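Data first, discussion second: the structure below is written as structure tokens.
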Amino acid sequence: MNKLDGLPDEALDYLSLLRKSYEGYFNIGSHEEYVLRIGKGKMLDVSRFPQYLTMESVDPLPPGFERRMYHFKEKTYGGGIMDVVFKDNALANIRAQLFFRGFFAKRKAKKYLRNNMLPAFKSIFGEPYDSNPDNYYFKSSGIIGTACYVPGTPSVSFYLIDEKYA
């Protein structure tokens with residue numbers, strides 16, 4: 001996968017990442033706790049890589065927020081990148097983008113959204129409160145969730161956001 005500069009040793013199931021992130025959302029107080037919850041060795045902290053340092057300098061977070069960037073490799077489909085943001089020892093936002101590889105990668109991503117992500121989100125959140133063909137929006141227990149195909153790319157993303165920051 002040429003989009004990412006480094007991958008961790010162990011693979012991570014994308015839908016398991018979604019479930020673990022949602023289930024522990026309000027009980028995780030630091031990046032270290034988040035990595036332990038997901039699985040040490042399944043995420044590589046790339047926050048200090050030059051391209052992410054540049055991004056942070058161009059678009060800094062407000063005071064009190066702390067973002068870290070992680071790469072992960074997915075067992076079946078490819079790999080991805082995620083950013084995890086904390087505010088005062090509480091999760092504020094998680095975004096995880098999964099990149100597909102091979103022939104018809106964009107088509108695979110759109111199919112994965114419909115056949116895999118959408119059912120997983122529905123099992124966690126219930127029915128979406130809003131949608132369009134490539135985006136589904138959910139709300140439950142103080143968390144807003146989004147499942148989407150990233151337009152023009154061979155990738156999908158999910159977002160989990162504390163309602164107070166939406």
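The values are calculated or read from the model by the stated rules, or taken from the named source; none is laboratory data. Quick caveat: nothing in here was measured; it's all calculated off a predicted structure. So basically every Cβ, Gly included, is an ideal-geometry build from the backbone, and we count neighbours across all protein chains shown.
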Residue list for the stretch 62-85, restricted to those being closer than 19 Å to Arg107 by Cα and either among the aromatic types (Phe, Trp, Tyr) or assigned to a loop (DSSP other than H, G, I, E, B) (or both): Lys75, Thr76, Tyr77
Matching residues in the stretch 98-136 - criterion: being in a loop (DSSP other than H, G, I, E, B) and in contact with a strand residue (DSSP E or B) (Cβ under 7 Å, 6 or more places away or on another chain): Arg101, Gly126, Pro128, Tyr129, Asp134
The stretch 58-92, subset within 17 Å of Tyr159 (Cα to Cα) and either among the hydroxyl-bearing types (Ser, Thr, Tyr) or without any contact (Cβ under 8 Å) to a residue 24 or more places away in the chain (or both), residue surrounded by the most Cβ atoms within 10 Å (Cβ to Cβ): Tyr70
Subset of the stretch 40-61 that is at pLDDT 80 or above and outside any loop (DSSP other than H, G, I, E, B) - its residue that is nearest to Ala90 (Cα to Cα): Asp45
Criterion: within 17 Å of Leu18 (Cα to Cα), surrounded by 18 or more Cβ atoms within 10 Å (Cβ to Cβ) and in contact with a Phe, Trp or Tyr (Cβ under 6 Å, 6 or more places away or on another chain) - qualifying residue of Phe99, Phe138: Phe138
Looking only at the stretch 14-36, and only at residues there that are in a helix (DSSP H, G or I) and aliphatic (A, V, I, L, M), the one that is surrounded by the fewest Cβ atoms within 10 Å (Cβ to Cβ): Leu36
Members of the stretch 146-166 found to be assigned to a loop (DSSP other than H, G, I, E, B) and crowded, with 18+ Cβ neighbours inside 10 Å, listed by number: Pro154
